[in-house]
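**Q** After the structure tokens below, expect a handful of questions from me.
The values are calculated or read from the model by the stated rules, or taken from the named source; none is laboratory data. Keep in mind that what you see is a predicted model, and the values were worked out from it rather than measured. Here Cβ is always computed from backbone atoms with ideal geometry, including for glycine, and neighbour counts include all displayed protein chains. Heavy atoms of the whole protein, side chains included, go into the accessibility calculation; ligands, DNA and RNA do not. Shrake-Rupley method; radii C 1.70, N 1.55, O 1.52, S 1.80 Å.
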Amino acid sequence: MKIAIGSDHGGVDLKSLLVKELSSIATVLDKGPESKESCDYPDFAAAVSKDVASAAVDFGILICRSGIGMSMAANRFQNVRAALCATTEAATLTRQHNGANVLCIGADTVSPQYAVEIAKTFIATPVDMDERHAKRRAKIERAQRLSDCSGLMYDDPEVFAAIEAQTKQEDAEINLIASENTSSRACREAAGSVLMNKYAEGYPGKRWYSGCLPVDAAEELARKRACELFGAEHANVQPHCGSAANMAVYFATINPGDTIMSMSLDQGGHLSHGSPVNFSGKIYNIVPYTVNKETEMLDYDEMERMALEVKPKILLTGASAYPRTIDFERIRAICDKAGSIMMVDMAHIAGLIAGGAHPSPVPYADFVTTTTHKTLGGPRGGMVLCKEKWAKALDSAVFPGMQGGPLENIIAAKAVVFREWMSEAKKGYAQQVVKNCQVMCKTVQDRGYRIVSGGTDNHLFLVDVKTSKGITGKEAAAALDEAGIIVNKNTIPYDTESPFKTSGIRVGTASATTRGMHEAEMIKIGTWIADVLDNIGDDEVKARVRRDAANLVKYFPVP
Ligand SMILES: *Cc1c(COP(=O)(O)O)cnc(C)c1O
């Protein structure tokens, strides 16, 4: 057992006694002070709290004359639960019920010998795992979700109101938007950090500004971890978003007017893959490919025939609304025959790839672009991975080619998320996202809804609500919204409706899985989706589902 102990000048004597008395049962780290010279208690509270927050020690002990200032200072640190105890009974209860991990003692309020007894009681008492206490401890942590920005209650109540509304919305609804996920607190901490204060045009070690060592460290971590996580030769973590990542690859490789072969938007591709309203469609000659009309899946033979005919400079695959596994090995072979650069946009499936739940394009593709906020669950942003031979061209395309200073706070948050993905738990998560998706998809399908391509291999599925029930995607999404289930309308391949109405909805399971939901919940949600769409005009059904949904999510707190 390890204990960190600290005090101010008023607690030095008691600290020495405790160090002596506890050394026989634990490794005690004395964080100071050494003398009785006047000093500031928050400094020592911080030293001990850092050790507790980072789990470098099991317990902390803090002493000042009343113990109150120390407990206030310590409780500012996340994962620290500091308790001021003047009796052994309080020490027992706060360990059992609150799971306190820092003991604060007032040197003027208890005798030295009794203080030793309190400390021994505190560290000897296990946390009570009974459900009612666990639930309450979880609520303390939950309160943190809003208090993370509680400074804004005073500084800017209007902006705080928007954040509070988003927090409540996330808590209350079932989010099935396939392009969204729920970030970890660690990710949000890095994203909101002081790293945003730094201008850092250039790359680590080669910046145009002074004072870049701290941000260099963060960006180097992000680059290294990205390469390790995806097995890539080179990573550029600076693109501000997925569209910018795609722009960087085009700028690094081809000239205006050159040909890109890509999946069109109405078939499941992305705006930045050549839509006429996007820069990509205005600058380059876009030749779109489609999915097979019968199977609604990619037709690699047809893709090869087209590529050999068109000889595109870039053959781009990856999509925003494609529910099936993509065969990257086959696409590499097509690119080799057609002499095309192989570019894969894995924005939607990056998390599945990181977790081994979808084959990786990285060994095959010249360039892999992604967002970091979809299944990957990180901060809103983009990234490009490439083979070493393209590294220089890519880096100069991003800066100075198209961006100025990088968002180092967001880059740090990307680094945090890449590290999260290296854990075994995340691999299980990726598999669960897919399992959940398949179970919910089948539930809806069994209720008589036509699923595009007949099923799903990844985190999303598309429901053809037009053919199934004669309603539009827009109507379906609006009805589900009223019932507390959030999806988006989506075109389906060869859609006969306008992109504003659409024939389909897109349903994804990344966010619900992040909340800890499993197959049983997916069956419930799939059933509710069918209930609402079967009775689209029935407000009672919507109200019932809304109640049931709100009840369900209570058990799955948003991180
Ligand atoms: C979401 C997405 C993008 C773009 O992401 P933004 O960050 O919104 O620019 C690019 N490609 C694909 C396939 C996407 O799904």
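**Q** Express the C-alpha Rg of the range 427-553 as a ratio against the empirical globular expectation 2.2 N^0.38 Å, rounded to two decimals.
**A** My calculation over the Cα atoms of the range 427-553 gives 0.98.
**Q** If you roll a 1.4 Å probe over the heavy atoms of the protein chains, what accessible area per residue do you get for the chain, in Å²?
**A** Here the residues of the chain average 43 Å² of exposed surface.
**Q** Where a ≥ b ≥ c are the square roots of the eigenvalues of the C-alpha gyration tensor, would you call the range 273-356 rounded, which needs a/c under 1.5, or, failing that, prolate if a/b is larger than b/c, or oblate?
**A** Note, shape of the range 273-356 comes out rounded.
**Q** Let me ask something additional. Counting pairwise Cα distances across the range 1-89, what percent come out greater than 20 angstrom?
**A** Cα-Cα pairs of the range 1-89 separated by over 20 Å account for 27 percent.
**Q** Let me know the volume per residue of the alpha-carbon convex hull for the chain, in Å³.
**A** 169 Å³
**Q** Still on this structure, I have one more. In deg cm²/dmol, rounded to 500, what helix-only [θ] at 222 nm does the chain give when every DSSP H run of at least 4 residues adds -39500 (n - 2.57) and the total is split over its residues? Present the calculation step by step, with values, prior to reporting the outcome.
**A** On the way: 23 runs with 253 residues, N = 559.
When only DSSP H runs of four or more count, the value is -13500 deg cm²/dmol.
**Q** Okay, next question. Could you look at the chain and say what percent of its accessible area is carbon and sulfur, using a 1.4 Å probe and all protein chains?
**A** Ligands and nucleic acids excluded, carbon and sulfur reach 54 percent.
**Q** How big is the equivalent ellipsoid of the range 190-420 along its three axes, where each semi-axis is √(5λ) from the Cα gyration tensor, reported in whole Å from largest to smallest? Before the final figure, lay out each step's value.
**A** On the way: eigenvalues 185, 67, 44 Å².
Each semi-axis is √(5λ); the values are 30, 18, 15 Å.
**Q** Work from the charge dipole of the range 78-213 (Cβ charges, +1 for Lys and Arg, -1 for Asp and Glu, about the Cα centre) and give the residue of Ala124, Gln166, Ala86 farthest towards its positive end.
**A** My answer, from the dipole projection, is Ala124.
**Q** Using unit Cβ charges (K, R positive; D, E negative) and no other charged atoms, how large, in debye to the nearest 20, is the dipole of the range 2-139 about its Cα centre?
**A** 520 debye
**Q** Using a cut-off of under 19 Å, list every residue of the range 529-559 whose amide N is near the label point 7 Å from the Cα of Asn79 along the Cα-to-beta-carbon line.
**A** 559
**Q** Antiparallel DSSP bridges in the chain: what percent, to the nearest 5?
**A** So the antiparallel bridges in the chain amount to around 40 percent.
**Q** Using a 7 Å offset from the Cα along the Cα-to-Cβ direction at both Lys206 and Arg185, what is the distance between the two label points in nm, to one decimal?
**A** So the label points at Lys206 and Arg185 sit 4.0 nm apart.
**Q** Quote the relative contact order of the range 1-115 in percent (integer), defining contacts as alpha-carbon pairs under 8 Å separated by 6+ residues.
**A** RCO, the range 1-115: 28 percent.
**Q** If you take the alpha carbon radius of gyration of the range 33-152 and divide it by 2.2 N^0.38 Å, what ratio comes out, to two decimals?
**A** It is 1.08.
**Q** Ignoring the sites themselves, what is the longest stretch of the chain with no trypsin sites (Lys or Arg not before Pro) in a DSSP loop and at most 11 other beta-carbon atoms within 10 Å?
**A** The longest such stretch corresponds to 1-292.
**Q** Dipole size in debye (nearest 20) for the range 427-553 around its Cα centre, Lys and Arg Cβ +1, Asp and Glu Cβ -1?
**A** 280 debye
**Q** Radius of gyration and Dmax for the range 363-505's Cα atoms, expressed in Å?
**A** Cα radius of gyration and Dmax of the range 363-505 are 19.5, 54 Å respectively.
**Q** For the pairs Lys224/Lys311; Lys374/Lys474; Lys50/Lys426; Lys2/Lys198; Lys427/Lys524, flag any whose C-alpha to C-alpha distance is greater than 32 Å.
**A** Cα-Cα > 32 Å for Lys224/Lys311; Lys2/Lys198; rest within.
**Q** Continuing with this model, one more query. Over the range 447-559, what is the relative contact order in percent, taking alpha-carbon pairs closer than 8 angstrom and at least six residues apart?
**A** 26 percent
**Q** Once you place label points 7 Å from the Cα toward the Cβ at Leu93 and Asp539, how far apart are they in nm?
**A** For Leu93 paired with Asp539, the spin-label model returns 4.9 nm.
**Q** Also, I was wondering about something else. State whether the range 499-559 is rounded, prolate or oblate according to the following rule on the C-alpha gyration tensor (a ≥ b ≥ c being the square roots of its eigenvalues): a/c under 1.5 gives rounded; otherwise a/b larger than b/c gives prolate, and the remaining case gives oblate.
**A** Here the range 499-559 falls in the oblate category.
**Q** In debye to the nearest 20, how big a dipole does the chain give about its Cα centre with +1 on each Lys and Arg Cβ and -1 on each Asp and Glu Cβ?
**A** Taking the Cα centre of the chain as origin, the dipole is about 280 debye.
**Q** Then there is this: What FRET efficiency comes out for the pair Glu302/Glu424, r = Cβ-Cβ distance, R0 = 41 Å, nearest 0.05?
**A** 0.55
**Q** Still on this structure, I have one more. In whole angstrom, how far apart do the alpha carbon centroids of the range 479-552 and the range 233-277 sit?
**A** If you average the Cα positions of each part, the centres end up 31 Å apart.
**Q** Set Lys and Arg Cβ to +1 and Asp and Glu Cβ to -1, take the dipole of the chain about its Cα centre, and tell me which of Leu271, Val287, Leu298 lies farthest positive.
**A** Of the listed residues, the answer is Leu298.
**Q** Let me ask another. Just grab the label-to-label distance for Glu482 and Met72, each label 7 Å out from Cα along the Cβ direction, in nm (one decimal).
**A** 5.2 nm
**Q** Moving to a separate point now. Rounded to the nearest 0.05, what FRET efficiency do Asn292 and Asp446 give with R0 = 35 Å and r taken as the Cβ-Cβ distance? Could you check?
**A** 0.90
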